[in-house]
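Take a look at the structure set out below.
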Amino acid sequence: MMKASKLRLLLLAIFAFGLLFITACSSDSEESSTNSNSNSDSSDEENEDRMAIDVFVPTFTTEPPTDSSPVWQALEDYTNTDLTIEWAPNSNLEDKFNITLSSGDLPHVMYVPGKSPSFISAVEDGAFWELGPYLDDYPNLSQANEIILNNSSINGKIFGIYRSRDLGRNGVIIRKDWLENLGLEEPKTIDDFYNMLKAFTEEDPDGNGQDDTYGLVVSKYEGPWDVMQTWFGVPNKWGIDDDGNLYPWFLDDNYKDALDFFKKLYDEGLVNEDFAVMDPAQWSDPVVAGEAGVQVNVLDEGHRIQEKIIDAEPENEDPITVIKAVEGPFGMKNLPTSGYSGMLSISTTAVKDEEELKKVLSFLDKMNDEEAQILAENGIEGRHFEIEDGEYVSLVKDDAGLLAEMDGLNQLLMYIPEPLSLTPDTSELRQLEEDLKLENEDIVVANPAEPYISDVYAKKGQQMDNIILDARIQYIVGQIDESGLEEAVELWRSSGGDDYIEEINQLHKEAQ
Amino acid sequence: MDSVVVKQPRKKSKWAKMGKEKWLYLMVLPGLIYFIVFKYFPMWGVLIAFQDYSPFRGLLGSNWVGFEHFQYFFSNPDFLRLLRNTFILALYDLVFFFPAPIILALLLNEIRISFYKRAIQTFVYVPHFMSWVIIASISYVFLTTSGGVVNELLEGLLGEKINFLSSPDWFRPMIIGQIIWKETGWGTVIFLAALASVDQEQYEAAIVDGAGRFRRLWHVTLPALRSTIVILLILRLGNFLDTGFQQIYLMSNSLNRSVADVFDTYVYFVGITEGAFSYSTAVGLFKSVVGIVLIVGADRLAKKLGQGGLF
């Protein structure tokens with residue numbers, strides 16, 4: 001009896017699973033079959049001399065466009081190509097990228113998230129074309145920014161076309177309504193910043209009579225500490241001493257001051273207690289929910305938070321303001337973003353000869369034209385957007401189906417020399433964000449070692465970084481003291497750090 | 001000539017026997033193909049542990065470096081830390097988690113009301129089907145010091161909070177706790193099946209002999225489970241160093257990394273994020289060798305102690 005019931009249960013479970021499996025598969029195959037149909041429709045009839053180009057780019061949505069999308073087809077027509085796009089979910093992009101690399105079966109155009117060791121070793125093995133010598137032949141690509149090209153290069157050689165982004169995106173997002181409630185000004189110096197956090201924590205900025213707020217919200221993502229220590233004069237990755245030698249940022253004298261400031265914030269409860277374990281996906285929630293008053297993040301998060309607050313409490317019309325940084329002992333300094341978000345590289349396995357290379361390059365060049373930028377970013381006029389009184393009005397906001405026809409195609413854009421797609425009439429806050437990004441370019445601290453590729457770092461970089469970054473967090477929460485910090489630096493040195501310093505200095509001397 | 005003549009009929013009967021059971025052999029075939037294609041064929045991949053592998057030069061074109069990666073690994077200061085963390089977690093798992101399904105199965109077996117029993121069985125299976133991502137999120141919501149239910153309760157009762165999520169001391173208990181919560185119910189399946197096959201007459205005989213519940217449990221139920229327990233234990237030892245990558249990866253952070261770094265996460269960081277394919281394969285191969293040694297050792301030991309064993 002018992003045995004039979006057991007068996008029945010098991011069978012039931014298996015059956016349920018099988019059912020799930022089958023439904024999952026069938027919806028999949030349905031989708032792919034419609035894809036292939038439309039594919040053959042569009043490509044067979046129209047043009048046979050179109051070059052087929054496979055592209056690997058990230059997607060931020062779960063439903064990226066398929067080649068039945070009219071925008072996709074318009075892009076194909078404009079660039080005279082037959083596009084196949086392999087979408088890699090952004091959340092596990094690095095994995096997908098490395099796995100594609102290791103398979104050896106590369107698409108024509110491959111998105112490269114950064115100068116990771118695996119990319120560099122692939123370059124050394126000749127997996128990608130060196131593009132430097134060809135760029136001058138193309139109207140858009142020839143206008144690429146020299147500084148960003150240098151940043152994205154491997155010891156000066158270009159192996160991918162960077163996707164341009166602002167250099168100065170970092171900033172501080174503040175609850176403006178809280179400042180007003182407490183009669184505070186926007187902070188100008190680090191002391192002001194501290195006083196603001198203190199007031200946000202202790203003086204009931206939301207006026208509900210309860211002690212339920214705190215100053216700064218930080219998540220597991222360690223970017224905010226990097227930005228804030230720059231205010232104290234800590235260099236960006238590498239500093240230069242009086243003799244012209246490079247040294248890593250955590251050996252800078254000012255680092256200790258920055259750390260003690262962070263520790264003070266933590267000890268006094270001005271920062272969320274659980275920051276070291278908080279999921280970065282929930283990072284902005286406390287600001288939206290009125291629990292935290294300040295976030296150090298990219299400036300454009302400001303208007304996203306603002307929109308969410310207004311959605312929840314429509315009477316709170318202007319709850320957010322942004323500033324670029326606060327003044328420290330060495331004046332106003334900020335940490336730059338790298339100026340690009342990944343590169344588009346051309347593989348030698350799929351693109352066999354120079355003639356094909358030139359075709360792929362002219363495809364990439366065309367993607368920088370105004371028409372292509374508008375297609376990929378805004379869609380088709382009349383379908384995805386309209387021009388009313390000279391103003392751009394998007395039609396896809398509330399229509400998921402229309403949005404899915406284009407959402408993500410802008411991952412193919414490089415914005416060289418500049419973004420030409422249409423932007424909506426901006427709100428005051430968005431305009432402020434854009435202005436601050438430009439102002440930031442004057443105060444960002446450059447990394448003198450940005451183009452150098454270190455073998456030691458390629459091999460052990462991740463573990464070496466972890467030693468230092470973990471020690472920083474451990475010091476802030478009081479798990480280790482000063483001697484613990486010194487031990488971490490010693491461990492870093494003995495785990496390859498000394499060789500790394502030597503190697504970078506060597507490369508630096510050669511480059512001078 | 002003679003010997004050939006003698007051999008012939010014997011061979012024939014073997015083939016005849018196979019022919020008679022040809023449907024059985026045919027049914028084995030898919031399984032066999034599965035193992036060859038998906039388990040044996042990829043084993044060639046371990047060769048890259050002895051190479052300086054580069055995907056573009058391929059398996060045949062890459063340089064051979066012998067045991068270089070192993071030497072580097074064993075002389076690396078990380079090695080001892082990884083070994084310690086992995087071993088302690090595995091031991092905790094064996095001591096605290098392994099008996100849990102057995103105990104639960106015995107408890108379930110004592111329930112007399114069949115509807116009640118079946119309902120409980122179904123409920124305890126459910127956590128098994130949740131992904132680790134979800135369990136990590138649930139843990140965060142419950143255990144965080146900023147408004148987590150558990151810490152609110154602790155603060156009310158003891159007046160202080162415990163930082164389960166970031167304290168190195170609490171990392172291992174938390175991991176084992178999660179495993180117990182997720183897998184105990186599912187683990188009872190095999191034991192309950194074994195219990196179902198116990199001859200009811202033995203219980204009746206024991207009752208006649210005046211045995212109480214615990215006597216029956218000790219003298220009838222447990223001996224019936226013994227061989228199942230031993231086999232599962234041996235199989236578990238084969239995966240001794242598998243600590244469950246996803247779970248550890250999700251629960252580790254900068255404050256508990258000193259105890260959370262295990263072989264599985266190390267292979268991921270070094271192999272997938274840094275692209276050191278050969279080196280991480282060497283680490284993985286080392287893990288497998290330890291697994292084989294343990295599984296064979298445990299099997300021998302079980303046989304010595306008079307149990308069936310595996311092979």
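Bear in mind that the values in this text are calculations on the coordinates, not laboratory data. Here the structure is a predicted model, which is why all the values come from computation and not from measurement. Glycine also receives a Cβ, built like all others from the backbone with ideal geometry; neighbour counts cover every protein chain displayed.
Can you run phi through the Karplus equation (6.51, -1.76, 1.60; θ = phi - 60°) for the range A:311-327 and list ³J(HN,Hα) in whole Hz, with x for Gly and Pro?
So the J values, rounded to whole Hz, are 4, 7, 10, x, 6, 8, 7, 9, x, 10, 9, 10, 10, 7, 5, 10, 7.
Restricting things to alpha carbons, tell me how big the range A:454-512 is in terms of Rg and Dmax, in Å.
Answer for the range A:454-512, Rg first and Dmax second: 13.3, 42 Å.
Spelling out what I want: for every residue of the range B:15-31, take phi, set θ = phi - 60°, compute 6.51 cos²θ - 1.76 cosθ + 1.60 (Karplus), and round to whole Hz; glycine and proline get x.
Residue by residue, the range B:15-31 yields 5, 4, 5, 5, x, 5, 9, 4, 5, 4, 5, 4, 6, 6, 3, x, x Hz.
Under a point-charge model restricted to the Cβ atoms of Lys and Arg (+1) and Asp and Glu (-1), what is the dipole moment magnitude of the range A:396-512 relative to its Cα centre, in debye to the nearest 20?
With Lys and Arg at +1 and Asp and Glu at -1, about 340 debye.
Expressed as cubic angstrom per residue, what is the convex hull volume of the alpha carbon set of chain A?
Convex hull volume per residue, Cα atoms: 221 Å³.
If you line up the Cα atoms of the range B:164-232 on their principal axes, what length do they span on each, largest first, in Å?
56, 22, 18
Taking H placed 1.01 Å from N in the peptide plane, check which residues at least 5 places from residue A:128 or on another chain put their amide H under 5 Å from its amide H.
Amide H neighbours of residue A:128: A:348.
What are the residues whose amide H is under 5 Å from the amide H of residue A:292, where those residues sit 5 or more places off or on another chain and H is modelled from the backbone?
Under 5 Å from the amide H of residue A:292 lie the amide H atoms of A:214, A:287, each far enough along the sequence or on another chain.
Please list, in chain and number order, the residues 5+ apart from residue A:162 or on another chain whose amide H is under 5 Å from its amide H, with Hs placed from the backbone.
For residue A:162, whose amide H was placed from the backbone, the distant partners under 5 Å are A:344.
Using only the Cα atoms of the range A:54-184, build the gyration tensor, take square roots of its eigenvalues as a ≥ b ≥ c, and label the shape rounded, prolate or oblate: rounded if a/c is under 1.5, else prolate if a/b is larger than b/c, else oblate.
Prolate, because a/c is 1.5 or more and a/b exceeds b/c.
What number, rounded to the nearest 500 deg cm²/dmol, is the helix-based mean residue ellipticity at 222 nm of the protein assembly as shown, given -39500 (n - 2.57) per DSSP H run of at least four residues and division by all its residues?
Calculated at 222 nm, the ellipticity per residue is -17000 deg cm²/dmol.
Which entries of A:157/A:437; A:198/A:397; A:256/A:460; B:22/B:117 show an alpha-carbon separation above 31 angstrom in the structure shown?
Violating the 31 Å limit, Cα to Cα: A:198/A:397; B:22/B:117.
Only counting other Cβ atoms within 10 Å, I'd like A:384, B:128 sorted with the fewest neighbours first.
B:128, A:384
Just the number, please: Stokes-Einstein D of chain B in µm²/s, Kirkwood Rh from C-alpha pairs, 20 °C, 1.002 mPa s.
Reported coefficient: 89 µm²/s.
Kindly write out, for the range A:147-164 in residue order, the coupling ³J(HN,Hα) from the Karplus curve 6.51 cos²θ - 1.76 cosθ + 1.60 (θ = phi - 60°), rounded to whole Hz, with x marking Gly and Pro.
5, 6, 4, 5, 4, 8, 7, 10, 6, x, 9, 8, 10, x, 8, 5, 9, 5
Mind sorting A:95, A:389 by how few other Cβ atoms lie within 10 Å of their own Cβ, fewest first?
Placing the least packed residue first, the sequence is A:389, A:95.
Out of the DSSP beta bridges found with both residues in the protein assembly as shown, what percent are antiparallel (nearest 5)?
Roughly 65 percent of the DSSP beta bridges within the protein assembly as shown come out antiparallel.
Does the range B:168-311 come out rounded, prolate or oblate by the C-alpha gyration tensor, with a ≥ b ≥ c the root eigenvalues, rounded set by a/c under 1.5 and, if not, prolate when a/b is larger than b/c and oblate if not?
Here the range B:168-311 falls in the prolate category.
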